[in-house]
1. Name the residues in segment 168-178 that are within 17 Å of the chain's Cα centre (by Cα) and surrounded by fewer than 20 Cβ atoms within 10 Å (Cβ to Cβ), would you?
2. Give segment 23-48 a look and list any residue that's away from ligand 1 (no atom under 14 Å from the Cβ) and either of a type in the set (A, V, I, L, M) or assigned by TED's automatic domain parsing to the domain that holds Asp157 (or both), or say none.
3. Identify, please: which residue in segment 179-213 is free of Cβ contacts under 8 Å to residues at least 24 places away in the same chain and outside any loop (DSSP other than H, G, I, E, B) and is, among those, farthest from Val116 (Cα to Cα)?
4. Give segment 40-73 a look and list any residue that's of a type in the set (A, V, I, L, M, F, W, C), out of contact with any helix residue (DSSP H, G or I) (no Cβ under 7 Å at 6 or more places or on another chain) and under 12 Å from Phe100 (Cβ atoms), or say none.
5. Just checking, which of Pro70, Pro51 is farther than 26 Å from Gly159 by Cα, in a loop (DSSP other than H, G, I, E, B) and away from ligand 1 (no atom under 15 Å from the Cβ)?
6. Condition first: at pLDDT below 95, part of a helix (DSSP H, G or I) and among the hydrophobic types (A, V, I, L, M, F, W, C). Can you find one or more residues in segment 8-17 that meet it?
7. Does segment 139-172 hold any residues that are away from ligand 2 (no atom under 16 Å from the Cβ) and within 17 Å of Met223 (Cβ to Cβ), and which are they?
Amino acid sequence: MRYTPGMERFPPCPAVLKRIEPVARDTLVYTFDLERPIPFRAGQFVNMTVPTARPRPERSYSVFSDPGEPGALQLCIKLLEGGAASEMLRAATVGDAFTFRGPMGVFTLAADDAPVTLIATGTGIAPYHAMLSEHGRLHAAGAAPARRFRLFFGVRDEGDLFLTDTLQRWKRELPDFDYRVCLSRPSPAWREPAGRVTAALAETLPTDAPPVGHFYLCGNGPMIEETKALLLERGADRKQIHYEKYY
Ligand SMILES: Cc1cc2nc3c(=O)[nH]c(=O)nc-3n(C[C@H](O)[C@H](O)[C@H](O)COP(=O)(O)OP(=O)(O)OC[C@H]3O[C@@H](n4cnc5c(N)ncnc54)[C@H](O)[C@@H]3O)c2cc1C
Ligand SMILES: NC(=O)c1ccc[n+]([C@@H]2O[C@H](COP(=O)([O-])OP(=O)(O)OC[C@H]3O[C@@H](n4cnc5c(N)ncnc54)[C@H](OP(=O)(O)O)[C@@H]3O)[C@@H](O)[C@H]2O)c1
């Protein structure tokens, strides 16, 4: 759970679990109907009440859904063996009552039109799903700012991979979006090169000039530390690097 100064001021918002959709190994998208909307910015997170969790009875989750639908909250969660929230969610069924507080966090798109590189491992793709869903909706309405998006999505193997249809659709429909899926431990049947997101990103960074635009990093802590170090070594300014560390 991320402690955010002043978070106590967010009143608890009751919710009902409406849908559970498995999307990859141990990874599910949960849809909740909120008693009142939580108006969030794409990239922000909410805290879910988990009575058995320690040291505080809450866990943080990036919002997966488009901020255009603030009453129907979607979260994309990897269930961990023995985790307090994970075991609560594993036992949950449609119609169960939940409580959320938020929105919290500053992991949101900068308000300029500089190119954006999004780097995710695992469910770290959740905030980018919210950002790109919003961008796609605004684009369809003719209201999206012109902006270049590049996404690197890293998981271990094919069983952990999800959102592939959505990524292909965005590539077809969005004006300047491209992505690369990075499997670090693929099966022998995988036809692309194997490797981590850090290696894939390193290949695309210029060698004779500092990297351009904003870099967003979300997922496990070691990936974030290595990616930050890579960007700084290649001449990026700290202000270009934004990150949300899950653990
Ligand atoms: C700002 C923020 C946003 C987050 N958003 C998401 C999200 O959108 N989806 C999501 O699945 N998780 C997300 N997390 C992680 C989430 O808050 C929980 O830590 C996770 O669900 C495990 O909780 P648990 O109670 O089941 O396990 P715990 O009882 O907390 O125990 C799990 C143990 O595994 C470690 N751990 C925590 N998360 C992971 C992980 N994903 N993989 C491996 N080890 C882990 C912890 O350090 C702990 O030691 C986010 C975390 C933060 C801080
Ligand atoms: N996915 C599984 O099959 C599996 C099985 C059992 C338990 N678990 C547990 O479940 C939790 C989540 O697992 P997960 O696979 O979803 O997420 P994860 O462990 O965060 O791995 C996701 C991706 O991040 C990569 N990565 C790890 N450290 C990195 C670094 N320093 N720089 C760049 N990339 C890095 C991984 O590559 P690497 O593969 O090279 O590490 C993998 O491609 C972990 O606690 C894990 O131990 C997962």
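The values are calculated or read from the model by the stated rules, or taken from the named source; none is laboratory data. Predicted, not measured: the structure shown is a model, and the values here were computed from it. Glycine also receives a Cβ, built like all others from the backbone with ideal geometry; neighbour counts cover every protein chain displayed.
1. Residues of segment 168-178 that are within 17 Å of the chain's Cα centre (by Cα), as a first pass: 170, 177-178.
Residue satisfying the conditions is Asp178 alone.
2. Leu34, Ile38 - these are the residues of segment 23-48 that are away from ligand 1 (no atom under 14 Å from the Cβ) and either of a type in the set (A, V, I, L, M) or assigned by TED's automatic domain parsing to the domain that holds Asp157 (or both).
3. Ala199
4. Step one: of segment 40-73, the residues of a type in the set (A, V, I, L, M, F, W, C) are 40, 42, 45-46, 48, 50, 53, 63-64, 72-73.
Now restrict to residues that are out of contact with any helix residue (DSSP H, G or I) (no Cβ under 7 Å at 6 or more places or on another chain): 40, 45-46, 72-73.
Listed by number, the residues that qualify are Phe40, Phe45, Val46, Leu73.
5. Values: Pro51 fails: away from ligand 1 (no atom under 15 Å from the Cβ).
Pro70 is the lone residue from the list that is farther than 26 Å from Gly159 by Cα, in a loop (DSSP other than H, G, I, E, B) and away from ligand 1 (no atom under 15 Å from the Cβ).
6. no
7. Residue satisfying the conditions is Arg150 alone.
Yes/no matrix, rows are residues, columns are (1) at pLDDT 95 or above; (2) more than 16 Å from ligand 2 (Cβ to nearest atom); (3) touching a Leu at 6+ places or on another chain (Cβ under 8 Å):
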| residue | (1), (2), (3) |
| --- | --- |
| Gln44 | yes, yes, no |
| Asn47 | yes, yes, no |
| Gly71 | no, yes, yes |
| Ser86 | yes, no, yes |
| Val94 | yes, yes, yes |
| Ala114 | yes, yes, no |
| Ala126 | yes, no, yes |
